[in-house]
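Following: one structure in structure tokens, then a few remarks.
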Amino acid sequence: MKNTMLKSRRIDRTQWGGVLLSFFFAVQLPAAFAQTALPSVETLEKVAQEAYAKFKTDQSGKNADYIPALAKVSSNLFGITIVTREGKIINVGDVDYSFSIQSCSKVFTMCLVMQESGDKAIYEKVNVEPTGEAFNSIRAIEEGDGRADNPFVNPGAIATVSLVKAANAQERWDKIIGCYNQFAGEKLTVLDEIYKSEAATNYRNRGIAHILFNSGHLYAEPLECTDVYTKQCSVGVTCKQLAVMGATLANHGVNPITKERCLDSKYVPRVLSVMTMDGFYDGSGAWAWNAGLPAKTGVGGGVVAVVPGQMAIVGFAPPLDKLGNSVRAQEAIRFIAEQLDLNIFGSAR
């Protein structure tokens, strides 16, 4: 009885958190950022250079090694890109290296499902609550109602893939990579070595997919969904490409380079709220406290942060902290946010 009561109280509390944060994004942010002037390109270049110089020698963390190919990537790589809503691009460091997008991809597959089926498809069939558990937790599914909790943990990402409207795996994949290409404004490709390495070792994700399917919360064949999910995580992006994808969200769903609408503006606040609540997994609270920006991380070393109505900031460096988030990318984005006073929750000055 005690455990049941505790679980019920935990769910109620996190549900209120999600509802309140979604309200904040839907009502407060559009007004707050509608007339906000962008920092000058010179200011953005200066602060990006300062962030790069400040953190380039930090040797903290280590590459992800549960995907063998990621362990081989040079740990010295470090890049920062800022893309504004006007399409201005600021690059510093190793910005042309194509790294695997990994879990940053989860944001954009969620966007695809919203665009196809509406935001209720995510809210009702996947859920949007923080788990307080690791990104590949099975216990989080079992302690909840059988759903995956949110689209950014692995169970939720696989469930989101299953919601893409498709008759088969090829159609599902074509829609996903087409969505990514639209957000990036360029043709992206799968990093074959990463895909093969990940596909050969993704036993836990296969198990997660079957558990979700058994509980009625996976909406296509489990192994198909797992393989397509693995492929989406293996897409290669540069800092600039990922920053353009993030800046599309900052620009209310319109790609700032191609001017093509990628997502209806009404869905953008929903996306940003999930990024804030769940983008750093069980480190999301600390990130919101320290940086105050919607963001998503990937174990390939990328972090994409969105300043609503203004810009996206991407950091890339392969060594990760114990929660699976890039150390130098976090430091750089947090520094830039502090220097430019970008915290969405209000000025800390």
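The values are calculated or read from the model by the stated rules, or taken from the named source; none is laboratory data. All of these numbers come straight from a predicted model, not from anything done at the bench. Here the Cβ positions follow ideal geometry from the backbone for every residue, glycine too, while neighbour counts run over all protein chains shown.
Before moving on, here are some points about what is shown:
- As a summary of the residue check, ALA291 satisfies the conditions (1) modelled with pLDDT of 95 or more; (2) within 25 Å of ASP65 (Cα to Cα) except for the one numbered (2).
- Candidate set: region 115-147, residues that are within 21 Å of CYS179 (Cα to Cα) and out of contact with any Leu (no Cβ under 7 Å at 6 or more places or on another chain); chosen: the one surrounded by the fewest Cβ atoms within 10 Å (Cβ to Cβ): LYS120
Each row is one residue, and each column tells you yes or no for (1) at pLDDT 85 or above; (2) in a loop (DSSP other than H, G, I, E, B).
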| site | (1), (2) |
| --- | --- |
| GLU129 | yes, yes |
| GLY132 | no, yes |
| PHE135 | yes, yes |
| GLU142 | no, no |
| GLY146 | no, yes |
| ASP149 | yes, yes |
| PHE152 | yes, yes |
| GLU171 | yes, no |
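- When residues of region 73-88 are limited to those that are within 23 Å of LEU272 (Cβ to Cβ) and not hydroxyl-bearing (Ser, Thr, Tyr), the one surrounded by the fewest Cβ atoms within 10 Å (Cβ to Cβ): GLU86
- Subset of region 224-261 that is assigned to a loop (DSSP other than H, G, I, E, B) and charged (D, E, K, R) - its residue that is surrounded by the most Cβ atoms within 10 Å (Cβ to Cβ): GLU260
- Count of region 224-240 residues, restricted to those that are touching a residue at least 60 places away in the same chain (Cβ under 8 Å) and over 18 Å from PRO151 (Cβ atoms), is 6.
- Per-region count, region 184-223, residues over 23 Å from VAL126 (Cα atoms) and in a helix (DSSP H, G or I): 9
- Flag: LYS165 matches the condition of being farther than 25 Å from GLY285 by Cβ and in contact (Cβ under 8 Å) with a residue 24 or more places away in the chain.
- Filtered by the rule that a residue be farther than 12 Å from ILE141 by Cα, touching a residue at least 60 places away in the same chain (Cβ under 8 Å) and surrounded by 18 or more Cβ atoms within 10 Å (Cβ to Cβ), region 198-217 gives GLU198, ASN205.
- For region 58-72, the criterion of being in a helix (DSSP H, G or I) and surrounded by 19 or more Cβ atoms within 10 Å (Cβ to Cβ) is met by at least one residue.
- Residue match in region 286-307 (condition: in contact (Cβ under 8 Å) with a residue 24 or more places away in the chain, in a helix (DSSP H, G or I), surrounded by fewer than 22 Cβ atoms within 10 Å (Cβ to Cβ) and more than 12 Å from the chain's Cα centre (by Cα)): yes
- For region 298-325, a residue qualifies if it is farther than 16 Å from TYR97 by Cα, small (Gly, Ala, Ser) and touching a Phe, Trp or Tyr at 6+ places or on another chain (Cβ under 7 Å), and the qualifying residues are GLY309, GLY324.
- Near pairs, Cβ below 7 angstrom, 6+ apart or cross-chain, from region 120-144 (touching a residue at least 60 places away in the same chain (Cβ under 8 Å) and within 26 Å of TYR66 (Cβ to Cβ)) to any residue that is of a type in the set (Val, Ile, Thr) and part of a loop (DSSP other than H, G, I, E, B): THR131/VAL153; PHE135/VAL153
- ASN91 being in contact with a Pro (Cβ under 9 Å, 6 or more places away or on another chain) and surrounded by fewer than 23 Cβ atoms within 10 Å (Cβ to Cβ): no
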